[in-house]
Amino acid sequence: MSKFKPFLLTTAFALTASTAMAQEEQFITIGTGGQTGVYYVVGQSICRLVNRNTAETGIKCTAPSTGGSVANVNAIKAGDMTMGVAQSDIQYHAYEGDVPDFEGDKKVENLRAVFSVHPEPFTVVARKDASIAGFDDLKGKRVNVGNPGSGQLATMEVVLDAKGWSMDDFSLASQLKPAEQSAALGDNKVDAIVYTVGHPNGSIQEATSTVEANLVPVEGPEIDKLVDENPYYAKATIPGGMYAGTDEDTNTFGVKATFVTSADVSDEVVYEVVKAVFDNFDRFKGLHPAFANLTPEEMVSEGNSAPLHPGAEKYYKEQGWVE
Ligand code: GLU
C-alpha cells in the first residue's frame, strides 16, 4: 500500500492546486425584473450559458429578480449589479441624464451597451366589464401603472405627459409589481394594468385567462409624435389571437429590451458573457418564445444608445458584426 502513498499525495496536491485556481472565481450578477416577466428569463438564460464555462473562465453568474429597468441601471451605477436588462428608452435617458429620474447626480455616465434583445410593446390589458376600447377610456379608471423602478412606470409617465394627463386622471393609480397585477385585475381591484414586456409571456396570459379581458390599443397623434421624435420608440403590434379575448391585432408602441453593463466592468468579463450567449445562440433563442426572431446583427446594431462596452465590441469584431 505504501507505494501508492506518493501518488495519493500528488493527487491531493493537484486537487488543492486546482481549488486554488478556482478560488479566483468572479461572481457576477444580472439585474432582471419580476419573476413572471421576460427579463427574468433573459438573466437566467444568460447565467445558465455563462455558468457552463465556469471551470474555464472562473465566472459565476446569478440573476435575481428586481424591480425592473430603472432599478437595474441604478444598481449598475452603484456597483451593486454587474450587468442588467433595461428598456432602450431607459438606457437612453440614464446615459443622457435628460429626464428627472436621471438628472444631475443621478445620470448613469458609466452605463455601457452590450446588446439588445426582444421588442417590448407598451401593453395595456383591461377587464372587459370596464369597457376600455382605447387609451383615452382609461380616464377616471383604476389603473395599475407599474411598480417603482420598473420601465412601465417610467414609460407610462412619458405617455401621460405626452397626452397632457397626470396620475390624477385615474381614480386609482396603483403600483403593484408584475407578479401581483394580473391577480389584482382578476379580483376586480383594478380595471386595467400596464406592462412593457415581450410577447408571448405568462403574465399577460394569466391576466387574460383569469377574467374576461382585452388588450387596449395605444395610438393617436401624441403617440405618433413620441415615435417620430425619439429613436428608442417604435410602432408595435401585438398579434391577434395571441391572448384570450383579443382576436384582432393590437396597435401600440414600444421599446426594445437591452442588456447593459458598466464601464467599470472588465473587458474580459463582458467578453466571456457575450461569447457564452452568441457561441450558443440557438440554445439561447430556444429559452423563451419572445426570443424567436432575434438575430445577432440586429441585437448588436439596434436599440443601443450608450457606447458599446469594449469587451462586447471585441467579440463582435471577431464575428464581423461591427467594423
Ligand atoms: N420592461 C419591464 C421593465 O423595465 C420589464 C419586463 C420584463 O420583466 O420582462 O421594468
Other-chain or far-sequence residues with amide H under 5 Å of Gly34's (modelled H)
Thr66
Distance between the C-alpha centers of the range 127-170 and the range 192-248? Whole Å please.
13 Å
If you take the beta carbon distance between Ser266 and Glu212 as r and set R0 to 51 Å, what does 1/(1 + (r/R0)^6) give as a FRET efficiency, to the nearest 0.05?
0.50
If you average 1/r over all unlike Cα pairs in the chain and invert the result, what Kirkwood radius do you get in angstrom?
20.8 Å
Counting only residues 5 or more apart in sequence or on a different chain, those whose built amide H sits under 5 Å from that of Val218 are Asn251, Thr252, Phe253
The chain: relative contact order as a whole-number percent, Cα under 8 Å and 6+ apart:
23 percent
Would you kindly give the portion of the calculated P(r) for the range 109-212 that falls above 19 Å, as a percent of all Cα pairs?
43 percent
Using Cα-Cα distances under 8 Å and only pairs 6 or more residues apart, what relative contact order does the range 236-323 have, in percent?
28 percent
Give me the one-decimal nm value for the distance between modelled label points at Glu229 and Leu287, 7 Å along each residue's Cα-to-Cβ direction.
3.8 nm
What spacing in nm lies between the two simple spin-label points modelled at Met167 and Asn251, each 7 Å away from Cα in the Cβ direction?
3.1 nm
A correct Karplus calculation of ³J(HN,Hα) over the range 280-291, with 6.51 cos²θ - 1.76 cosθ + 1.60, θ = phi - 60°, whole Hz and x for Gly and Pro, returns 10, 5, 5, 5, 4, 4, x, 8, 7, x, 5, 8
Sequence-distant residues sharing a close amide H with His118 (under 5 Å, placed H):
Ala257
Restricting the calculation to Cα positions, tell me the Rg (one decimal) and the Dmax (whole number) of the range 142-285 in Å.
17.6, 51
Cα-based reach from Lys141 at 21 Å (exclusive), listing lysines while leaving out same-chain residues under 8 positions away
Lys128, Lys163, Lys177, Lys189
Suppose a student asked you for the relative contact order of the range 17-172, using Cα pairs under 8 Å spaced at least 6 residues apart; what percent would you report?
20 percent
Using a simple spin-label model with points 7 Å from Cα along the Cα→Cβ vector, what separation in nm is obtained for Trp321 and Thr237?
2.8 nm
Per-residue HN-Hα couplings for the range 204-215 [Karplus 6.51, -1.76, 1.60; θ = phi - 60°; Hz; x = Gly/Pro]
6, 4, 5, 4, 8, 10, 8, 8, 5, 8, 9, 6
Under Karplus coefficients 6.51, -1.76 and 1.60, residue-wise ³J(HN,Hα) of the range 172-180 in Hz, glycine/proline x:
8, 10, 7, 10, 5, 6, x, 5, 9
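Bear in mind that the values in this text are calculations on the coordinates, not laboratory data. Treat the numbers as computed from the prediction; the structure is a model and nothing was measured. As a convention, Cβ positions derive from the backbone with ideal geometry for all residues, glycine included, and neighbour counts pool all protein chains shown.
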